[in-house]
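Bear in mind these aren't lab numbers, they're just calculated from the coordinates by the rules spelled out. Keep in mind the model is a prediction, meaning the values are calculated, not measured. No Cβ is skipped: glycine too gets one built from the backbone with ideal geometry, and neighbour counts run over all protein chains shown.
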C-alpha cells in the first residue's frame, strides 16, 4: 500500500507549495552543486549517456539517443536507474518526516479490513474482502448470504514470491464447478490462464499464456479465450479448448494488424460475441454457446468508418452503431438475417446525447449515455419502449453499472460517487423506480459528507464555448476571493495551482 500512496504523497508535497507548475524538460540543466533544503549540498543529477540510435521508417529518419534505456536487463540501465533513485532519495530526505505523516493520514482514511457487496451469479453469491496489513483481495462465495464462506482464490497466497501480482479474468462455469482465471506476475499485462476445480480446490493441468477475454460454453467443459501476439501484444486469435482433450483450435484469427480481437458472452448465456476492433471500424461474429463446435458467423462485415457493437436478446441482435449517427444509435436485427435492410430503430440518434453502451436484461435495456459531459443511465422497457432516467442526488458525479451477472431480473446494480459522496453501491428496481443503498464506502477519521458542497459551474471561453467546472468546498466557505483554491486542469499536460477562490458568475 505504501508504494501505491507514493504518488499521492508527492502530489500533496507539491500542493503544499504556494504556486506550483510541473513541467518535464527533455534534459535536466544543472551547473554545480545545490542544496536539498537542509543545508547539505547535493551532487549534480545523474545524466543518461547518449547513444545514437537511428531508425528509418516511411521515408523519415528518427533519432533516439536514449533507446538503450529500453534494455531492462542491461546492467548499465539498472545502474543508471539506481542512481536516479538515489538522487531522488537525497533530494527528498528533508521531507521524510512529512512523508510519513502524510502516509499515516492517508492510510487513516482507508478502511483496510472491508468486504464488497455480494452479487448473485448462478447458484452462489460472490464477493471479495480485504484484511488490514494484506496487499491483495481474497475472492469468496457463499451458497446463501447466511451460509459458510468458501474461499475461491486467496490472492495474498498466490502473490507470494512475486514482486507484482494481478488477477485478470475471473469466469465461473455455468454449473459453478470450474473457475477459469488469469494472472499477471510481470506488470506487463501478460496473463496466464488456469482452471481450478472448485469442488476439490485442485488446478487442472491445462494452462495457456498471453490470454485476454475468457468465456465458457454451456456444456461446462468447452472454454473460449483470446490470445495476444508475443511481440506486438495485439490480440489476434480466438481459441477453443475442450478440457481434457489436449486439443486447442484457432477458431478466428485476425490477420489485419489494425484490428484487435475481443470476445464476451451475452447476459442470457445464449451467444458468444467475437469483436474485431480498430480505431474507426469494427466487425462482430457470433457463436451459439450450446453449439461450441459451430463456426462463428459474421453479423455485419467490416466497413470503413463503421463502428458498431452487438449484443443478443430473444432472437434479436441489439446493435449500437454510428451509421448515420455521429453520437451512435441502437437498432435491432433478426438473428436469421441481421443485414442493414432488416434494422429497426430501438434508440434514436440525438445530436446532444451520446449512446455509450447498452445492457440487456429479460424485460429491460439499460442505456449508458453522456449528455453535457455527465453520465446518465436510461432504463427502457423492451416490450413497450417506455423509458426513464435514473435520478442522482448531486450535480456532479460519476456513475456506471456495477457487476450484473443475472439476466432474469428487474433489479440492476450501479456504482455511484461524487465529489462529496464516497463510492456507493445501489440496487435499482426498474419497475418501481426505487433504489436501495447497499453500501457507502466508509472513510475513517471523522469524514462527514454533509460538511461539503459540490457545484457544477461554467466558464465562458473566448469563442463562447461553455467550459464545465466541478467545484467542491466546505460548507460555509465565503466566496469573497480570499479562500485558497486547488485547481486541476487536464489537457496535453497536467498542472496544479493554488489560487484564490471566488464565485464564478
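Just a few scattered comments:
- Separation of alpha-carbon centers, the range 166-215 and the range 349-366, rounded to whole Å: 31
- Applying 1/(1 + (r/R0)^6) with r as the Cβ-Cβ distance of residue 93 and residue 64 and R0 = 25 angstrom yields a FRET efficiency of 0.15.
- Placing R0 at 56 angstrom, the Cβ-Cβ distance between residue 120 and residue 248 gives a FRET efficiency of 0.95 after rounding to 0.05.
- Within the range 352-452, the ratio Rg/Rh, alpha carbon atoms throughout and Rh by Kirkwood, equals 1.00.
- Values of log10 I(q)/I(0), in the order q = 0.15, 0.19 Å⁻¹, for the range 55-205 under a Debye, Cα-only, solvent-free model: -0.97, -1.22
- Counting every other Cβ atom within 10 Å of each residue's Cβ, 218, 289 order from fewest to most as 218, 289.
- The chain: Rg to Rh, with Rh as the Kirkwood radius over Cα pairs: 0.98
- Structural descriptor for the range 83-138: relative contact order 21 percent, calculated from alpha carbon pairs under 8 angstrom and at least 6 residues apart.
- Residue order, fewest to most surrounding Cβ atoms within 10 angstrom, among 353, 412, 298: 298, 353, 412
- Here the extension length gained between residue 107 and residue 302 equals 65.2 nm, from 0.36 nm per residue of separation less the Cα-Cα distance.
- The listed peptides 167-180, 198-211, ordered by packing as a protection proxy, come out as 167-180, 198-211 (highest mean of other Cβ atoms within 10 Å first).
- From least to most packed, judged by other beta carbons within 10 angstrom and beginning with the fewest, 214, 472 follow the order 472, 214.
- Inter-part distance where the range 281-311 and the range 42-91 are each reduced to a Cα centre, Å: 45
- Per-residue extension of 0.36 nm, minus the Cα-Cα distance of residue 383 and residue 144, leaves a gain of 82.8 nm for this segment.
- In this label model, residue 472 and residue 49 are separated by 4.8 nm, measuring between points 7 Å along each Cα→Cβ vector.
- Distance between the range 452-483 and the range 404-443 - C-alpha centres, whole angstrom: 28
- Relative contact order %, the chain, counting alpha carbon pairs below 8 Å whose residues are six or more apart: 7
- The range 143-285: equivalent-ellipsoid semi-axes (sqrt of 5 x gyration tensor eigenvalues, Cα, Å): 27, 19, 14
- Placing a label point 7 Å from the Cα of residue 293 along the Cα-to-Cβ direction, none of the residues of the range 218-233 has a backbone N under 11 Å of that point.
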